[in-house]
Amino acid sequence: MSAEAAPLKTNLPVPKKQPDSPWRMAIRRFTRNRLAVIGLFIIVFMFLLCFIGPVFSPHSLYDYSVADKNLAPSAKYWLGTDKLGRDILLRMMLAGRISLTVGLVATGISVIIGATLGALAGFYRRWVDTLIMRIADIFMALPGLPILIIMGAVLSDLKVDPSKRIYFLMLIIGILGWSSISRLVRGQILTLREQEFMQATEALGLKDRRKIFRHLLPNTIPIIIVSATLGVAGAILYESALSFLGVGVVPPTPSWGNMISAANNLIDFRKRPWLWIPPGMCILVTVVAINLIGDGLRDALDPKMKK
């Protein structure tokens, strides 16, 4: 008999590696998309710059200095000053707070309204579906920018406090943008309500509210995330356009749009590019980055993209 004991042999099955969850696989696919990751880093940087950067600025929003007006970029004023002697860099960061907040809140309002109405239309169908979808068709046919310009003019005529105009602006943009999300959610709900798990909810006798908000809507989160991400970029562009035209966020509250409109003559446009190039680049970079993230999320969350 050998001095070394023979290894014991067992017939127990080797445990298999547990498959990854759908969300973990989606994150892995997203991180493989270099452009989407770059866009995510840019957005994180913009949020840090706009919401934390002003804390470290040596200047104040209400610092006016006639002696320092229209100064070119220097060690004291990294991006120069405007016609009132205010620091452009500080105003650009504070304007980013306004623009990013408008984009996020307006899109959140659109998602809440659109997802709720789309779920109701897809679940109840018949006359409920017809009514909601016809209302959605009306909103999709409305020209968004002209209506926003008219509403901005109305707010100006009513002499609404400039600090409160932003709330009306977010509400109006959010209400005008819900129709596309509702159609996407409705299409998903029409497919999901025929699945086996919905037959189980019927057998259990669950209430309609529980079926919609606990079992159907959570399964539409991927498509809502993609649509909402792209909607943020559109809301930022709307706000910038309205502020540029003078019917959105009005001075002294800064936004990227009204900062660009400050260069409203040929002299400022040609000889003082620091007045309009920084906020213009912020709009461009932010919108492109958000669109890259939206494309990456669409590819990561779309089951058809699985290999």
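A short reminder: the numbers here are calculations on the coordinates, not readings from a lab. Predicted, not measured: the structure shown is a model, and the values here were computed from it. Reconstructed Cβ throughout: ideal geometry from the backbone, glycine too, with neighbour counts over all protein chains shown.
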(request) Filter the trypsin sites (Lys or Arg not before Pro) in region 34-127 to those in DSSP coil with at most 12 other Cβ atoms within 10 Å of their Cβ, and list the result. (result) 76
(request) Using a cut-off of 13 Å between beta-carbons, work out the net charge of the residues near residue 183 (Lys and Arg +1, Asp and Glu -1, residue 183 not included). (result) 0
(request) Using a 10 angstrom cutoff on alpha carbons, build the Gaussian network for the chain and name the most mobile of 292, 89, 71. (result) 71
(message) As I understand it, the dipole of the chain uses +1 on the Cβ of Lys and Arg and -1 on the Cβ of Asp and Glu, about the Cα centre. Which of 248, 25, 217 lies farthest toward its positive end?
(response) 25
(message) In the chain, if the dipole is taken from +1 on Lys/Arg beta carbons and -1 on Asp/Glu beta carbons about the Cα centre, which of 72, 98, 276 is farthest to the positive end?
(response) 98
(request) Please find the FRET efficiency linking residue 270 to residue 31, where r is the Cβ-Cβ separation and R0 is fixed at 51 Å, and quote it to the nearest 0.05. (result) 0.70
(message) Over the Cα atoms of the chain, each weighted equally, I'd like the Debye log10 I(q)/I(0) at q = 0.12 Å⁻¹, rounded to two decimals.
(response) -0.90
(request) Among 166, 147, 224, determine the one that fluctuates most according to a GNM of the chain built with springs between C-alpha atoms less than 10 Å apart. (result) 147
(request) Please report the relative contact order for the chain, taking Cα pairs under 8 Å with a sequence separation of at least 6, and give it as a percent rounded to a whole number. (result) 25
(request) Quote the FRET efficiency, to the nearest 0.05, computed for residue 47 versus residue 277 with a Förster distance R0 of 22 Å and r equal to the Cβ-Cβ distance. (result) 0.55
(message) Please give the charge dipole size of the chain, origin at the Cα centre, charges +1 on K and R Cβ atoms and -1 on D and E Cβ atoms. Round to the nearest 20 debye.
(response) 640
(message) Suppose we flag GluC sites (Glu not before Pro) only when DSSP calls them loop and at most 12 other Cβ atoms lie within 10 Å. Which is the longest uninterrupted stretch of the chain?
(response) 5-193
